[in-house]
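Heads up: the structure comes next, in structure tokens.
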């Protein structure tokens, strides 16, 4: 393949088609109208059909369409899937919870230093684990801290989300992007990076970035009201007691509902001293002494008391100024629909949410990924998507039971998560995966598979959880990106783009050309998948290095670091959308905070990489 990269080729039909396809693919990946899985499948199908109908001869034979399917068995994809499953085991067993609890205790001692510790710990964990569960682990801590200290949650959530993305740059397994670039570069003839080969520049640039997030970023973020309000529209169980003077005495239930404006949801009716429970039929005649059982907001209950001429009771006491509504058996919680959930793409009614979880949905908070105007309105026909945050109310035991759900993750910490007895074992297996790969005993793809097997055999994870951990969009974007990368290299498209970039920057020092590539990748990853940008950019980076007669390593690192700088837009990375929901951020907030972070890290790395690789 190396010869293909450095060869000067004529612009043939296949190269032109592939380069046009790359442009179309980037547009599809940036679009929110077509699912990422669908876009990836379209690209893969087009490539295979085109090269089947119009075969292409390379210097070592015909480029077969089977080459485009090799991504499904690529070692990088195997490693990514293995690490996703192993990371799910840590979440399912609660192995990360002790870290979260210690951080929560530290906040009481020193909020400022605790914020710095949270940023650093989030970054370190994300160097070895997918940062999505890390963000989900830290969200409830930060939301709780913001409520207890009367600080804005928006000052904390975005910086922590960015810190986890920074941490992912430090090792070859930090993100799926890193794994892909390392594997593709090795296939193109470059030596394979070890796990910690680029930890030095990543740590220095990341350290500067973390200082910015700690000291500067909170001052740049406008104060936003949390989407999850401290004063929630809580619903209360109550009784409306009918007496002789009540308007609805000796009237049918349907007449009472009509008097209430059609908005009277009655669960049951208690009658007589025996508290006989009656089904609320519309034609039932209400009597003095009957108690209508219902649930609603305090304002609505007081309104019904006046309109129907009944007396409002709660927990056996008459509701008045001295005895407000209360219900000690009920609790509210904020929960997020996780990626891979069976609720993703289903409606509340279709999923039988209320019956299934014994919870009432008070509000639904959505990101701009799915709605033009994020808000709290919802109906039973609202279609849920991953990243949606539900404000729910139900019995304490229902909230606790929700903690073990595979479809939802609780964002508040009112109900403690019991740590599984398997948690230490799951953490030990994850350390085994990291250690064997870091020491070169096993390739990361092999060690990750061994870890998955150990997780399943030891009972840390069930097959159902393992299947849920895999993400179809991630798998297909990786396969499609690898297929496009293969087509670009084999047809000479990568060499053409590399030559064009060299011609455009002719006369400039290699360090400046490297800096330009880094900035270009950072801009590209803000609008398209970082995996797609990285896999397409890797052969181009190696081609540029070969044209300049420079070592390929710094140029490949420019692709890795640039593709991970997904800070400037909310759609650049899935954790951005998650914190956008919880912190009620706007698109402009990401530009305000994320763009300076991109520029800071770009400047630091533009100095570091040429210095470390002797390019000055």
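Just so it is clear, none of the values below were taken in a lab; they were calculated from the coordinates. Just so it is clear, the structure is predicted and the values come from calculations on it, not from any experiment. With ideal geometry, Cβ positions are generated from the backbone for all residues, glycine too; neighbour counts draw on all protein chains shown.
From the square roots a ≥ b ≥ c of the eigenvalues of the alpha-carbon gyration tensor of region 236-318, which class results: rounded (a/c under 1.5), prolate (a/b over b/c), or oblate?
Note, shape of region 236-318 comes out rounded.
Is the C-alpha gyration tensor of region 440-508 telling us rounded, prolate or oblate? Criteria: a/c under 1.5 is rounded; beyond that, a/b larger than b/c is prolate, otherwise oblate.
Note, shape of region 440-508 comes out prolate.
How many angstrom separate the Cα center of region 242-290 from the Cα center of region 175-217?
After rounding, the separation between the Cα centres reads 67 Å.
Report the label-to-label distance for residue 46 and residue 611 in nanometres (one decimal), using points 7 Å from each Cα along the Cα→Cβ vector.
Between residue 46 and residue 611, the simple spin-label model gives 4.3 nm.
How much length is gained on full extension from residue 243 to residue 200, taking 0.36 nm per residue of separation minus their Cα-Cα distance?
Extending this stretch completely gives an extra 7.7 nm.
Ordered by packing density, taken as the mean number of other Cβ atoms within 10 Å over each peptide's residues, highest first, how do 480-487, 466-473 rank?
Ranking, from highest mean packing down: 480-487, 466-473.
Quick one: which of 264-274, 205-215 comes out on top by average Cβ neighbours within 10 Å, and what's the full order, highest first?
Ranked from most to least packed, the peptides come out as 205-215, 264-274.
For residue 354 and residue 503, compute 0.36 nm times the residue count separating them, minus their Cα-Cα distance, and round to one decimal in nm.
47.4 nm
So how far apart, in nm, are the two label points at residue 124 and residue 396 if each is 7 Å from Cα heading toward Cβ?
The answer from the label model is 3.6 nm.
Taking the mean number of other Cβ atoms within 10 Å as a proxy for protection, how do you rank 346-355, 537-546 from highest to lowest?
537-546, 346-355
Counting other beta carbons within 10 Å of each Cβ, put 255, 52 in order, fewest first.
Fewest-to-most ranking of 255, 52: 52, 255.
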